[in-house]
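**Student:** Got a structure for you, written out below as structure tokens; questions coming shortly.
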Ligand code: UDX
């Protein structure tokens with residue numbers, strides 16, 4: 001008779017803030033449910049988690065949880081921002097993947113389920129080698145991933161590369177997105193004539209590997225993306241929609257009144273902005289942040305700043321170090337942003353974002369439309385002004401405006417007049433309309449992660465299936 005093995009999940013996130021953040025939330029939910037979890041970080045990420053958060057300490061509450069680390073192969077000072085993702089993956093192939101494989105092959109408690117970021121195409125071979133089921137966790141939005149999966153069809157149909165400069169041309173060969181997506185709403189790296197481009201090739205490789213997994217996990221909820229999830233099931237029938245994961249973890253841990261558990265930030269948070277928000281009137285502040293990877297030029301920063309100042313609305317701006325390209329004068333930039341706006345503006349280098357978005361003084365979010373930021377804004381019922389940078393963000397921002405109707409899409413424009421107009425619309429002239437839409441989405445998000453909700457049920461199914469997976 002075969003001996004029953006202990007369930008042991010091995011989680012390997014893409015070593016960037018967004019993916020690490022939501023995979024840690026999933027890891028914690030699995031740990032609450034007494035599943036053994038090994039979480040693999042790169043040294044770069046782990047050192048930052050240890051110095052800026054109490055994550056390693058918090059996870060000591062779970063005796064069957066452990067962190068392991070691998071080098072990412074890049075020198076310490078190397079940028080790990082958005083456009084460097086191809087280099088990061090290439091470097092990890094050489095330095096991290098062999099160690100990761102060895103860890104799985106020699107694990108004291110055999111790994112019974114591997115959960116890896118969808119972009120880790122090497123995971124299919126390693127999972128097959130150890131004979132464990134593989135679940136891909138795609139931390140980008142499902143609508144964004146669907147545009148990746150449609151890429152071969154778009155190339156075959158001659159829609160990509162674009163035939164001319166008309167970015168307003170509607171896209172035809174992305175089923176389920178008819179009448180919604182224009183060329184400009186596809187991931188920005190589709191605006192290339194070179195199909196051998198590093199990122200395009202990565203996406204095409206990911207497209208081949210996704211269907212090889214036993215299932216795909218998404219940080220979304222059925223009510224938000226039902227039509228897209230239906231399309232995704234044609235490629236990978238077994239889907240777990242578990243999001244919004246940050247709210248899901250809170251729901252599993254305690255009541256709705258519970259404040260954010262603790263942060264998973266790899267940068268030090270400046271909590272002084274919360275005391276500043278405490279002094280501002282209800283729903284009067286626009287929160288401005290472009291996440292952990294996006295960058296802007298100094299000109300773009302000035303346009304956004306002038307737009308905000310001219311709108312007369314209060315703002316809280318996250319000015320992440322290194323987020324202005326080609327400029328190393330960090331203090332000079334901050335002084336320029338603060339000029340004449342001390343009364344109405346607050347600038348920090350990194351904020352406790354979940355807490356900021358939950359604050360009653362915040363009335364809107366000028367965002368790069370990263371998927372975590374989008375979900376965090378939705379859960380708090382805060383309308384968005386979207387200025388997408390890359391990957392899934394161009395798709396997310398389009399959905400925010402025309403499908404979910406919880407904000408405005410500013411993509412491909414960075415003009416002070418447009419910024420001022422959109423800020424005024426969201427914060428003043430169309431405030432009630434956007435707040436109503438945002439509150440409806442917030443309610444459905446909260447319902448999804450509560451007992452009886454769709455994400456709650458999908459999580460229970462995942463937990464049960466993991467517990468019965470055997471080698
Ligand atoms: C990346 C991609 O940009 C995004 O499009 C993709 O969907 C996921 O991976 P990132 O750019 O970091 O992520 O954006 P986002 O997904 O929004 O994640 C940023 C995270 O950092 C959020 O969880 C947010 O709460 C946190 N954050 C951001 C802070 O804690 N403080 C800040 O000041 C800014």
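Throughout, read-outs are computed from the coordinates displayed, never taken from laboratory work. All values derive from a computational prediction rather than experimental measurement. When we count neighbours, we look across all protein chains shown, and the Cβ atoms used for this are built from the backbone with ideal geometry, even at glycine.
**Student:** Rank the residues 170, 422 as a footprinting-exposure proxy: fewest other Cβ atoms within 10 Å of their Cβ go first.
**Tutor:** Working: 170 14, 422 25.
By the 10 Å Cβ count, ascending: 170, 422.
**Student:** Can you sort 359, 306 by how many other beta carbons sit within 10 Å, fewest first?
**Tutor:** Values: 359 22, 306 15.
Result, fewest neighbours first: 306, 359.
**Student:** What is the distance in Å between the Cα centres of segment 395-447 and segment 217-250?
**Tutor:** Going from one Cα centre to the other spans 22 Å.
**Student:** Then there is this: Please give the helix 454-468 orientation as an angle from the longest Cα principal axis of the chain, in degrees from 0 to 90, rounded to the nearest 10.
**Tutor:** Taking Cα atoms only, the helix is inclined about 20 degrees.
**Student:** A further question on this structure: State the volume of the convex hull built on the alpha-carbon positions of segment 277-325, expressed per residue in Å³ and rounded to an integer.
**Tutor:** Working: hull volume 3.8 nm³, N = 49.
It comes to 78 Å³ per residue, whole-number rounded.
**Student:** In addition: Normalised by the empirical 2.2 N^0.38 Å for globular proteins, what value does the Cα Rg of segment 367-445 take? Could you put the intermediate results ahead of the total?
**Tutor:** Values: Rg = 11.6 Å, N = 79, 2.2 N^0.38 = 11.6 Å.
For segment 367-445, the normalised Cα radius of gyration is 1.00.
**Student:** So for 305, 276, fewest C-beta neighbours within 10 Å to most, what's the order?
**Tutor:** Numbers: 305 21, 276 16.
Result, fewest neighbours first: 276, 305.
**Student:** With N set to the residue count of segment 1-114, report its C-alpha Rg divided by 2.2 N^0.38 Å to two decimal places. Intermediate results must be reported in sequence, preceding the final value.
**Tutor:** Values: Rg = 14.9 Å, N = 114, 2.2 N^0.38 = 13.3 Å.
Compared with the compact-globule rule of thumb, segment 1-114 sits at 1.12.
**Student:** Let me ask something additional. Specify the angular offset, from 0 to 90 degrees and rounded to the nearest 10, of the alpha carbon long axis of helix 298-311 from the longest principal axis of the alpha carbons in the chain.
**Tutor:** For helix 298-311, the angle is close to 60 degrees.
**Student:** How large is the helix-only mean residue ellipticity at 222 nm for the chain, computed as the sum of -39500 (n - 2.57) over DSSP H runs with n ≥ 4, divided by its residue count, in deg cm²/dmol to the nearest 500? Please list the in-between numbers first.
**Tutor:** Numbers: 20 runs with 198 residues, N = 471.
It lands at -12500 deg cm²/dmol.
**Student:** Report Rg (one decimal) and Dmax (nearest whole number) for segment 191-341, counting Cα atoms only, units Å.
**Tutor:** When restricted to Cα atoms, segment 191-341 yields Rg and Dmax of 20.9, 56 Å.
**Student:** Which angle between 0 and 90 degrees, to the nearest 10, do you get for helix 43-52 versus the longest principal axis of the chain when only C-alpha atoms count?
**Tutor:** So the helix axis and the longest Cα principal axis differ by about 60 degrees.
**Student:** For segment 105-241, what Kirkwood radius comes out of the mean inverse Cα-Cα distance, in Å? Mind showing how you got there, number by number?
**Tutor:** Values: mean 1/r = 0.0624 Å⁻¹.
With all distinct Cα pairs of segment 105-241 included, I get 16.0 Å.
**Student:** For a bin width of 5 Å, list the pair-distance distribution of segment 264-413 built from all Cα-Cα distances, rounded to whole %.
**Tutor:** 2, 10, 21, 24, 23, 15, 5, 1, 0
**Student:** Restricting things to alpha carbons, find the Rg to Rh ratio for the chain using the Kirkwood radius for Rh. Before the final figure, lay out each step's value.
**Tutor:** Working: Rg = 21.6 Å, Rh = 22.8 Å.
Taking Rg over the Kirkwood Rh, I get 0.95.
**Student:** Using 7 Å Cα-to-Cβ label points, what is the residue 90/residue 157 separation (nm, one decimal)?
**Tutor:** It works out to 3.2 nm between the two label points.
**Student:** Another question about this same structure. Using the alpha carbon gyration tensor of segment 116-169, what are the three equivalent-ellipsoid semi-axes (square root of 5 times each eigenvalue), largest first, in whole Å? Write out the running numbers ahead of the final one.
**Tutor:** On the way: eigenvalues 209, 32, 11 Å².
One finds semi-axes of 32, 13, 7 Å for segment 116-169.
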